[in-house]
1. Of the options Met363, Leu374, Met339, report the single residue whose Cα projects farthest towards the positive end of the charge dipole of the range 259-443 (beta-carbon charges: Lys, Arg +1; Asp, Glu -1).
2. For a paramagnetic label modelled at 7 Å from the Cα of Gln400 toward its Cβ, which residues of the range 409-450 fall within the zone defined by backbone nitrogen distances under 17 Å?
3. Along its principal axes, what span do the Cα atoms of the range 287-397 show, with the longest given first and each in whole Å?
4. Work out how much length Ala313 to Ala20 would gain on full extension: take 0.36 nm times their residue separation and subtract the Cα-Cα distance, in nm to one decimal.
5. Under 5 Å between amide hydrogens, which residues at least 5 positions from His132 or on another chain qualify, with H placed 1.01 Å from N in the peptide plane?
6. Treat each spin label as a single point 7 Å out from the Cα along the C-beta direction, and report the Ser470 to Val359 distance in nm.
7. Which residues' amide hydrogens lie under 5 Å from the amide hydrogen of Asn444, considering only partners 5 or more residues apart or on another chain, with H built in the peptide plane?
8. With θ set to phi - 60°, apply the Karplus curve 6.51 cos²θ - 1.76 cosθ + 1.60 along the range 318-324 and write out the HN-Hα couplings as whole Hz, x wherever there is a Gly or Pro.
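Bear in mind that the values in this text are calculations on the coordinates, not laboratory data. Every value quoted in this text rests on a predicted model; they were computed, and no experiment measured them. Cβ placement follows ideal geometry from the backbone for every residue including glycine, while neighbour counts extend to all protein chains displayed.
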Amino acid sequence: MNIESLLQELGVDLKAHRGAGIVARSPIDGEVLAELAADSKASVDLKMARAQAAFQAWRQLPAPRRGELVRLFGEELRRHKEVLGQLVTIEAGKIRQEGLGEVQEMIDICDFAVGLSRQLYGLTIASERPGHRMMETWHPLGVVGVISAFNFPVAVWAWNAALAYVCGNSVVWKPSEKTPLTALATAALFRRAVARFGSDAPDGLLEVALGDAQVGEALLDDGRLALISATGSTRMGRAVAARAAPRFLRTLLELGGNNAMIVAPSADLSLALRAIVFAAVGTAGQRCTTLRRLFVHHSVYAQLVNKVVAAYASVRVGDPLVEGNLVGPLIDAAAFKGMQNALDQARDEGGKVHGGERVLAQMHESAYYLRPALVEMPAQSAVMCHETFAPILYVLAYDQLEDAIAQQNAVPQGLASSIFTTDLREAEFFVSAQGSDCGIANVNIGPSGAEIGGAFGGEKETGGGRESGSDAWKAYMRRATNTINYSSALPLAQGIRFDF
Ligand code: UN1
């Protein structure tokens, strides 16, 4: 199916978006998919105005009614799962299974948010004063800005948007300039849901602003923005946080990861092998949760590493639209260069590299397919402390679990981690306060592929934000503490007397 008919099926009128500034390419073959108009400061201003007006109307609707819009949007996603999933594959390069999984993740968060629309609970709190009651009320926040990354071009936006909508907010979305088409398609499906919802849905609930960092800056500098939720590199997050700080703009940051797995002597090695390969080479190593560092107990090191080397050599690399291929292309030439530089540095630091070479280059001159790389390292050196967004897995042997955990934690990032062990003491130690310092700490599954029901995010340079499940919704609302006096006296708290 060609791109125009795919987009048409999803309700995108490409003609309306054609212009200069953004070039959408498919990493599958490097070909241009569309040239699109980028937003300007002036158009961002208009979109912010529409979103602000939408917020003022939307916040007046009861939350369960707002949930109905998210329910309808979830229906549109279910109906278009195949097509949108295919577009994700074409634009981001992830294999079909993962493209479909991404849309399923959107559907899941919609379901979650619909239920949540009846559960935006506050507390009642015992007052120390007679005839008084204290309570918390959660109110809609305002216009929520979402900056999303190419690697999960639509699911991570959906985590934010589905919650933002039931919480009574409007959304302005700046997708990655590498994946504008999936954003336009998602917005078109959202418009269909709005049309079915009825006239109480205001215009401007979702505004998409296309462009590079300047568009992000225009968003951040707009006083009407109430929250910026940004996913991407630590470098990007630093720039966002610095720009947000002077006016105390709320931020929700989901930044770099440098995720690890520990394989203990008692581990089920066949499970560990499957988890390693999915977590390290899935999405061609371009998930924020991708497994990047593997610590294997020396007693099982040779056995496990040989199996991983064999799996890496046989895993099928190629066109992500073709069933059976498990590793698609890297997003672009810069990602390829980044990977080669990291491998060179790893060699300089004493690493033994298996794989990592470019393949299919004659067939696709401007696309970057690679055999995933496994690098045996003598120690955790500088290269291992950086996140390289590519399929490189560094492996180290360890003796003591405490040492392995200390090394796992000794990087600036703190997103995802896991341990493979059948020893209860080791498993519990790993998830204890003395164990993993990450926002995600798993036992006997890999660090990637989280479900939406848990809070997602990490510590340290990962930015500290939590998105998707659990009580992440609180980031999208403002809390008011109300103290209500139903007595006919005015006692002061802390026993203070103030008589006049
Ligand atoms: C991301 O890479 O930004 O846990 C998100 C996972 C996915 C989400 C990844 N559910 O791997």
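1. Towards the positive end, the residue furthest out is Met363.
2. 409-410, 426, 429-430, 434-436
3. Extents along the principal axes, in whole Å: 41, 27, 24.
4. Length gained, Ala313 through Ala20: 101.3 nm.
5. It is Tyr486, by chain and number.
6. 3.8
7. Ile419, Phe420, Thr421
8. My calculation for the range 318-324 gives x, 3, x, 7, 8, 3, x Hz in order.
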